[in-house]
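Every number here is computed from the coordinates shown, using simple stated rules; none is lab data. The structure presented is a predicted model; accordingly, all values stated were derived computationally and were not measured. Counting neighbours? That spans all protein chains shown, and the Cβs are built from the backbone with ideal geometry, glycine included.
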Protein chains: 2
Amino acid sequence: MAEPVTEINDLQTPDRILATAEEMFAEQGYWGVSLRSITRASGVNIAAIHYHFGSKQELLERIFEKRCAPMNQERLRLLAECREDAARPPLLEQILEAYLRPSLIWPNDPDGAPRFLRLRAVLSQEHETLAANLISRHFNEVSRTFVRSLLAVLPEFSEEEVFWRFQFLLAAQYYTLSNPGRVVILSDGKCDPSDSEASLRHMVPFCAAVFRAPAPSSDALIFGPSLPVPLAKVG
Amino acid sequence: MAEPVTEINDLQTPDRILATAEEMFAEQGYWGVSLRSITRASGVNIAAIHYHFGSKQELLERIFEKRCAPMNQERLRLLAECREDAARPPLLEQILEAYLRPSLIWPNDPDGAPRFLRLRAVLSQEHETLAANLISRHFNEVSRTFVRSLLAVLPEFSEEEVFWRFQFLLAAQYYTLSNPGRVVILSDGKCDPSDSEASLRHMVPFCAAVFRAPAPSSDALIFGPSLPVPLAKVG
DNA sequence: GTCTATAGAGCGATAGAC
DNA sequence: GTCTATCGCTCTATAGAC
């Protein structure tokens with residue numbers, strides 16, 4: 001667990017291709033990166049990609065396979081360590097950290113987890129069916145395990161209400177890792193979500209607040225077409 | 001405000017191109033869509049795109065120009081209608097609805113707002129510099145106006161803390177509109193975030209909970225490398 | 001396993017007739 | 001303003017020498 005960070009130049013051909021492709025796909029999307037640009041960046045011959053991986057799509061699928069197992073194992077390992085303890089935060093916060101931390105911070109590879117999550121995000125927008133398929137295959141099981149744990153600590157909510165809140169957990173996770181720059185610009189640098197530890201420190205209590213929020217009441221909205229604004233002016 | 005929904009086939013050539021391109025870019029990304037596929041889908045000649053727009057990038061920029069002004073006007077119109085009133089939700093919820101509703105629901109064009117937000121999301125991942133530039137040009141002003149309004153109703157928080165929360169507002173907005181399908185799969189259809197009114201009904205109170213959450217305390221996390229887990233087992 | 005060469009197709013953009 | 005034709009380029013994938 002304490003090996004040095006591995007550089008792309010140290011890797012053998014197939015791992016070099018995987019590492020370079022992951023980085024480029026995450027930055028520019030699947031359709032925005034050609035196999036030839038991957039060969040140029042990794043110093044590998046164009047035919048080597050087809051020899052080792054067969055096609056562009058299979059290369060992408062191998063990136064998923066390589067990343068998902070360790071991320072999910074780490075999530076389950078942390079989940080198993082969660083327990084009620086007066087010296088610890090509430091169980092809800094512990095479960096949320098167990099889910100979020102491995103997607104933000106990868107041991108010995110600080111950029112690895114954010115980069116892979118960014119790749120998942122861009123792929124699900126460029127190539128919806130392929131992404132939905134890959135993500136379902138690799139993440140349904142662990143996500144449902146966490147939803148069950150969340151249901152157990154929030155017995156007052158229905159399964160549907162917990163899934164609505166899980167949607168916001170996923171939102172915070174994806175957006176923070178794939179668009180950290182927007183708020184840096186808006187805030188003139190006062191706030192930087194690309195600092196993963198700082199993000200996590202905010203995400204856990206914020207998501208806990210969402211999970212504890214009461215179910216929406218029917219009069220929560222006022223501007224909707226269903227509940228038109230009374231147009232009489234004040235003052 | 002109550003005109004019928006316009007069909008692509010009713011439009012003149014430049015507007016047809018804009019409408020078709022927006023739809024295809026939103027679904028498959030910028031690099032995933034060729035100008036020729038737009039011409040095939042819209043029944044327009046390839047040269048017409050270059051005649052009317054000059055290039056693929058300028059076509060994209062014109063889509064932004066066409067969408068942003070009305071969305072932002074509607075946000076500011078609703079913001080101006082927010083006021084303290086015992087018969088209404090708290091001001092915070094009103095401001096959040098004023099920000100979110102125009103990005104989820106577009107009058108007379110139910111798919112328009114989600115589609116455009118999806119386009120923004122995919123573009124910011126495929127073509128980061130172009131996207132950051134376009135989004136800054138069209139949204140910085142209105143976003144900062146809302147941050148100022150939020151600061152005014154949350155005087156206990158610093159500007160930085162409000163920006164951290166704004167990050168989560170953006171996250172909920174983008175993810176809900178660009179990846180509604182993930183939770184439908186996870187929940188076996190029990191929960192459907194592509195229902196925009198249902199999403200908004202949850203997003204407003206959930207985001208309000210985030211904005212009201214206290215600033216994170218230093219012992220909020222337990223699994224971090226900085227705060228290692230005590231390894232003694234229980235039981 | 002690694003390379004060169006190339007097939008076969010699609011791309012953005014433009015020229016120029018009408 | 002709309003069309004056809006085409007330039008010049010890049011792409012994925014494969015064939016076949018070494």
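Distances between copies at residue B:159, taken between label points 7 Å from Cα along the C-beta direction, are 4.8 nm in increasing order. Between residue B:197 and residue B:85, what's the calculated FRET efficiency when r is the beta-carbon distance and R0 is 25 Å? Round to 0.05. Using R0 = 25 Å, I get an efficiency of 0.65.
Note on residue A:190: aspartates and glutamates with a C-alpha under 13 Å away, same-chain residues under 8 apart excluded, are B:159, B:160, B:161.
Cα convex hull, the protein assembly as shown: 166 Å³ per residue, rounded to a whole number. Each copy carries a label point for residue A:110 at 7 Å from Cα along the beta-carbon vector; from one copy to the others these points are 4.8 nm apart, nearest first.
Could you tell me the relative contact order of chain A? Use alpha-carbon pairs under 8 Å, at least six residues apart, and round to a whole percent. Spell out each step's value before the answer.
Numbers: 195 pairs, mean separation 43.8, N = 235.
The normalised contact order for chain A reaches 19 percent.
Using only helices, what value at 222 nm comes out for chain A when you add -39,500 (n - 2.57) per DSSP H run of length 4 or more and divide by the total residues, to the nearest 500 deg cm²/dmol? Mind dumping the intermediate values first?
Details: 10 runs with 156 residues, N = 235.
It lands at -22000 deg cm²/dmol.
Please identify, among A:178, A:187, A:218, the residue showing maximal mean-square fluctuation in a Gaussian network model of chain A using a 10 angstrom Cα cutoff. For chain A, modelled as a Gaussian network with Cα springs under 10 Å, the answer is A:218. Counting beta carbons within 10 Å around each of A:38, A:46 and listing the fewest first gives the order A:46, A:38. Size descriptors for segment A:7-54: radius of gyration and Dmax over Cα atoms are 9.8, 27 Å.
Within the listed set B:54, B:189, B:29, the Gaussian network model of chain B (springs between alpha-carbon atoms below 10 Å) gives the highest mean-square fluctuation for B:189. Each copy carries residue A:194; placing its label point 7 Å along the C-beta direction from Cα gives inter-copy distances of 3.4 nm, listed from smallest up. Summary value for segment A:7-54: 37 percent relative contact order, contacts being C-alpha pairs under 8 angstrom separated by 6+ residues. For the pair residue A:190 and residue B:57, a Förster radius of 25 Å applied to the C-beta separation gives a FRET efficiency near 0.20, rounded to the nearest 0.05.
Using the Kyte-Doolittle scale, find the helices of chain B whose mean hydropathy is at least 0.0 and whose Cα atoms extend 15 Å or more along the helix's long axis, counting only whole DSSP H runs.
Working: long enough: B:13-28 (22 Å, -0.41); B:56-81 (39 Å, -0.81); B:91-104 (20 Å, 0.47); B:112-126 (21 Å, -0.09); B:128-153 (34 Å, 0.34); B:159-178 (28 Å, 0.03); B:196-212 (24 Å, 0.51).
What comes out of the filter, once short or polar helices are dropped, is B:91-104, B:128-153, B:159-178, B:196-212.
Within chain B, all pairs of alpha-carbon atoms sorted by distance into 5 Å bins from zero give the percentages 1, 6, 11, 15, 16, 14, 13, 9, 6, 4, 3, 2, 1, 0, 0. Which aspartates and glutamates does residue B:56 reach when only Cα atoms under 14 Å apart count, and residues fewer than 8 places away in its own chain are ignored? Cα-Cα hits under 14 Å: B:22.
Listed from fewest to most Cβ neighbours within 10 Å, the set B:40, B:118 follows the order B:40, B:118. Looking at segment B:71-193, what % of the alpha carbon pairs are farther apart than 24 Å? Value for segment B:71-193: 34 percent of Cα pairs lie more than 24 Å apart.
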